[in-house]
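The values are calculated or read from the model by the stated rules, or taken from the named source; none is laboratory data. Quantities reported herein were computed from a predicted structural model and do not represent experimental measurements. Each accessible area value is taken on the protein alone, full model and side chains, heavy atoms only, with ligands, DNA and RNA left out. Shrake-Rupley method; radii C 1.70, N 1.55, O 1.52, S 1.80 Å.
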Amino acid sequence: IGKPAPNFTLEQLHKPELKYGTADLKGQVWLLNVWASWCVSCRVEHPLLVELGRSKVVPIVGLNYKDRADEGRAWLVQHGDPYTLSVVDADGRVGIDWGVYGVPETFVVDKAGVIRYKHIGPITAESLQNDLLPLIEKLKKS
């Protein structure tokens with residue numbers, strides 16, 4: 001927290017021929033949500049992410065972590081896709097750069113590309129309303 005978000009450029013989950021990375025998000029407040037199809041706790045927070053994604057309050061980038069791309073895509077078809085887009089971190093190297101302990105984890109990144117918040121574990125309705133959304137709104141205004 002308070003440090004520049006580690007740079008990455010990774011294949012997109014749904015369009016592997018295309019790359020996406022932190023440079024594409026400069027000037028925006030955005031979320032990085034680390035998830036995997038094998039992650040039981042990800043199912044807990046997923047309905048809240050779907051709702052947040054529909055609201056278009058903030059771009060949500062999914063980091064599909066240590067997962068098979070086909071299983072990640074199937075999981076999103078089954079449970080809904082809240083992400084502006086997802087990128088594939090099959091070997092977990094980008095997750096290591098970001099200091100990921102496990103999944104799910106969610107980061108708020110400001111317009112300058114600095115990490116402003118890290119949520120470890122599943123997002124709850126309370127953490128969304130009390131922590132994430134107020135911070136996102138504050139950062140969008142600055």
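Below is a table of values for the structure above.
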quantity: Euclidean distance of C-alpha centroids, the stretch 102-124 and the stretch 25-62, integer Å; calculated: 10
quantity: Table column - 3J(HN,Hα) (Hz), the stretch 44-54, Karplus curve with 6.51, -1.76, 1.60, x for Gly and Pro; calculated: 5, 7, 4, x, 5, 5, 4, 5, 5, x, 5
quantity: Cα gyration tensor category, rounded, prolate or oblate, for the stretch 59-142 with a/c compared to 1.5; calculated: prolate
quantity: Potential extension, residue 9-residue 79 segment - 0.36 nm per residue separation minus Cα distance; calculated: 22.6 nm
quantity: Amide hydrogen neighbours beyond the local backbone of residue 86, cut-off 5 Å, H modeled; calculated: 13, 14, 62
quantity: Global form of the stretch 9-71, assessed from the alpha-carbon gyration tensor, a/c cut-off 1.5; calculated: oblate
quantity: Solvent exposure of the chain as accessible area per residue, Å², 1.4 Å probe; calculated: 51
quantity: Convex hull volume per residue in cubic angstrom - Cα atoms of the stretch 45-96; calculated: 75
quantity: Probe 1.4 Å - accessible area at residue 40, Å² to nearest ten; calculated: 110
quantity: Cα gyration tensor, the stretch 1-114 - rounded (a/c under 1.5), prolate or oblate; calculated: rounded
quantity: J(HN,Hα) series, the stretch 27-40, from Karplus relation 6.51 cos²θ - 1.76 cosθ + 1.60, nearest Hz, glycine and proline x; calculated: x, 10, 7, 8, 10, 10, 10, 8, 8, 7, 5, 8, 8, 5
